Amino acid sequence: MMTPNYIPKYIIKRLVPKDSIKKEGDTLKIKFVNVLSPITVSDEFPDDLSGMVKVKVDGKEIPEDKIFNTELEIEGKTYKVIELKELKGETIPVGAEIMINVPDKDNIVESGKTYTFSTWIAETDNLSFEIERTVN
């Protein structure tokens, strides 16, 4: 069993600023800021992400089909999670904002309420983090 990578809280606060989660209509918008280092998407990035990404809100897992239909806006281009393989060989620079648009017709979250968001991404050593944020 691999040990999850640890991201210090002070880095997470910069990755996901306090005001970075908003509800607009039927969409949950989450802004990430790449503060770590340039992110190069490996040519070995898997074509099938099934079972490789898990997201929870207050401990309730978001269904994989909703995750795969989530859109990411990166450097002026939009991708669905299921299409991220198109980024192979691309580099996301430090300072780049990544806007994640999660379909939320089921009202998983509501504006003005505070939630705990947790994410797990299967990587070489697994990557996970948890944040508590109020939805604006």
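Here is how the number arises for the chain: DSSP H runs of 4 or more residues each give -39500 (n - 2.57), the sum is divided by the residue count, and the result at 222 nm is -2000 deg cm²/dmol. Summarising the strand pairing of the chain, around 95 percent of its internal DSSP beta bridges are antiparallel.
For the listed residue pairs 29/54; 77/113; 31/80; 23/77; 18/85; 13/113, the alpha carbons are over 26 angstrom apart in 77/113; 18/85. Taken over the chain, the ratio of Cα radius of gyration to 2.2 N^0.38 Å equals 1.02.
Every number in this text was worked out from the coordinates using simple rules, so none of it is lab data. Values in this document were obtained by computation on a predicted structure and should not be read as measured data.
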